[in-house]
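Student: I am attaching a structure below and will ask some questions about it afterwards.
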Amino acid sequence: MKAKPQILNPPLVAFEHKRDAYGFAVRPQHVQRYREYATIYKEEEEERSDRWKDFLERPSEFVQLPVNGSPSEEPKVASPDDGSEKIPEGDDLNEPEAHEDEVSKTTHRAQIWAQIRPSLRAIEDMMNARVKKKISATKTEQDVEAGEDSEDEFYDVERSESDPIPEVLSSDGVSVATPGVASNPAVSLESSILWKQELEFLVQGGVPMALRGELWQAFVGVKSRHVKNYYQNLLLPDNKKENGVDHQKSDGDEANNKSTLDSVDVPEKWKLQIEKDLPRTFPGHPALDEGGRNALRRLLTAYARHNPSVGYCQ
Amino acid sequence: MSYAYLFKYIIIGDTGVGKSCLLLQFTDKRFQPVHDLTIGVEFGARMITIDNKPIKLQIWDTAGQESFRSITRSYYRGAAGALLVYDITRRETFNHLASWLEDARQHANANMTIMLIGNKSDLAHRRAVSTEEGEQFAKENGLIFMEASAKTAQNVEEAFINTAGTIYKKIQDGVFDVSNESYGIKVGYGGIPGPSGGKDGSASQAGGCCS
């Protein structure tokens, strides 16, 4: 704030102290404090990384369980490319070049879909199993065909994920009856409880930066939630600007389109606000260059169409 | 730092009218052409002097987007002053003033001082609301009015300080029971005790947020 000692490269110095490790601006009034604690933050991050590394590298009985335990999972887990085969259909298909730009240019680059490392499979499979179970439960209960995308289903799953982990254990298909555990149910069950407890503990301690993208995907159960081309279809009206207005597809499903506004003009109302807000959303964040902003625009637009009752919210 | 009084302010108005920029100009004397979005509420504080008494302004800067309205409403309580801001280059932000005012009347205490600000007066060439219209609206609704520019700092100090002056005068006139913090006024150590004295034990909800 005062005279900077390293006058040689002031912009760089300013940059380093005005942004945190995630690239977010540190408020002027907090810069001093942030600087003081910077080494502590760094040490903590290293400690977190080590703990997670240790956890993920440690061979665990339980880690095998979902694979052997639920036959339905088997084909997925067996093929190592499976995760990457579905997932990359995410955000970047429209303008892949933009993302490559972004990735190469910035140090704090945004993580695009990544393949989930094998050591995270156990988490992923656990969550996928939950999502599937929930979806099928919702479907049979309500007999809703649009159930997969309805808000209710979405939040129900969220809720079930916030249950204390050990309690959910038996609902994950890792019950004593599953073949993989049958040989020695007591030991496996115990180790799986311990495994989940440790995972819970680690999550509460924070997720190391390098693992965030992957862990998010694993915990969300991306694989079982992913609906092929759903995202792309939401964005179709933008690609075919001319006749785009007729393409209200998923909004037109009426599943949760109970807003007072009628479908056709709804996204356009948000469009203006989104355009206004893009430049002032974390201005200067390294991930929000041209390509990053375009990605954010698509994401916000798609979400507004996916969930019109919320639409766009800053 | 000790103060005679602390006044709680709230800044309201449509999204993008420049609420946060006005605050930044007032507290830091600088202008950010691209200011971050305000999510929920932000805080700022500054000491001013009125009638030779140090007065601390504690300013709650709110998000303007419609989705945040229900949250914003909860911040009116216990505010002594409000800056109601519109953008002179965007007509719709002026048209929405009535609905903002209705919120304020409904959720704030009746004695809250409201200052109407037509911001971005530096962009006079793109003006969509005339000064007279602003004045007229203010007059009809009993507000103080000013056009200001967070960019050039024109009238920014004045807006905050005149509001404080009006509040101060209301205190002098005995409009407020200053020991009752729901009016958005707190008596400090160096202050003049109200009828029942300044209570430091009853922390206001804004507590030590920005001291």
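The values are calculated or read from the model by the stated rules, or taken from the named source; none is laboratory data. Since we're looking at a predicted model, the values are computed, not measured. Because the Cβ atoms are built from the backbone with ideal geometry, glycine has one as well, and the counts that use them run over all protein chains shown. To get the accessible areas, we keep the full protein, side chains included, count just its heavy atoms, and leave off ligands, DNA and RNA. Shrake-Rupley method; radii C 1.70, N 1.55, O 1.52, S 1.80 Å.
Student: Take the Cα of B:V41, step 7 Å along the line toward its Cβ, and report every residue of the stretch B:1-23 whose backbone nitrogen sits under 15 Å from that point.
Tutor: Those under the cut-off are B:7-13.
Student: Sticking with this one: What is the distance in Å between the Cα centres of the stretch B:79-131 and the stretch B:146-166?
Tutor: About 13 Å separates the Cα centre of the stretch B:79-131 from the one of the stretch B:146-166.
Student: Still on this structure: Could you compute how fast the stretch B:50-163 diffuses translationally, taking Rh as the Kirkwood radius over C-alpha pairs and applying Stokes-Einstein at 4 °C with viscosity 1.567 mPa s? Give it in µm² per second.
Tutor: Translational D for this selection: 88 µm²/s.
Student: Name the residues of the stretch A:295-314 whose accessible area, probed at 1.4 Å, falls by at least 50 Å² once all protein chains are in place instead of their chain on its own?
Tutor: In the stretch A:295-314, residues shielded by partner chains: A:Q314.
Student: Express the relative contact order of the stretch B:1-121 as a whole percentage, based on alpha carbon pairs under 8 Å and six or more residues apart in sequence.
Tutor: Relative contact order comes out at 33 percent.
Student: How big is the C-alpha Rg of chain B next to the rule-of-thumb value 2.2 N^0.38 Å, as a ratio?
Tutor: That ratio works out to 0.97.
Student: Looking at this model, which pairs from A:K53/A:K228; A:K139/A:K269; B:K19/B:K53; A:K42/B:K151; A:K42/A:K271; A:K42/A:K196 are more than 30 angstrom apart at the alpha-carbon?
Tutor: Cα-Cα > 30 Å for A:K53/A:K228; A:K139/A:K269; A:K42/B:K151; A:K42/A:K271; rest within.
Student: Rounded to the nearest 100 Å², what's the accessible area chains B and A bury against each other, both chains counted, probe 1.4 Å?
Tutor: 1200
Student: Name the residues of the stretch B:50-67 whose accessible area, probed at 1.4 Å, falls by at least 40 Å² once all protein chains are in place instead of their chain on its own?
Tutor: B:Q65
Student: Another question, then. If you take the beta carbon distance between B:H107 and B:T166 as r and set R0 to 30 Å, what does 1/(1 + (r/R0)^6) give as a FRET efficiency, to the nearest 0.05?
Tutor: The computed FRET efficiency comes out at 0.90.
Student: Report, in whole Å, the centroid distance computed from the Cα atoms of the stretch B:14-30 and the stretch A:272-307.
Tutor: The stretch B:14-30 and the stretch A:272-307 have Cα centres separated by 22 Å.
Student: Give me the percent relative contact order of the stretch B:71-198, please, defined on Cα pairs under 8 angstrom at least 6 residues apart.
Tutor: Over the stretch B:71-198, the number comes to 27 percent.
Student: For chain B, which whole-number percentage of the solvent-accessible area (1.4 Å probe, protein heavy atoms only) is attributable to carbon and sulfur atoms?
Tutor: The computed percentage sits at 49.
Student: Separate question: Give me, ordered by chain and number, the residues 5 or more places off B:I114 or on other chains with an amide H under 5 Å from its own placed amide H.
Tutor: Long-range HN contacts for B:I114: B:A82, B:I144.
Student: How much space per residue, in cubic angstrom, does the convex hull of the C-alpha atoms of the stretch B:126-184 take up?
Tutor: Output value, Cα hull per residue: 112 Å³.
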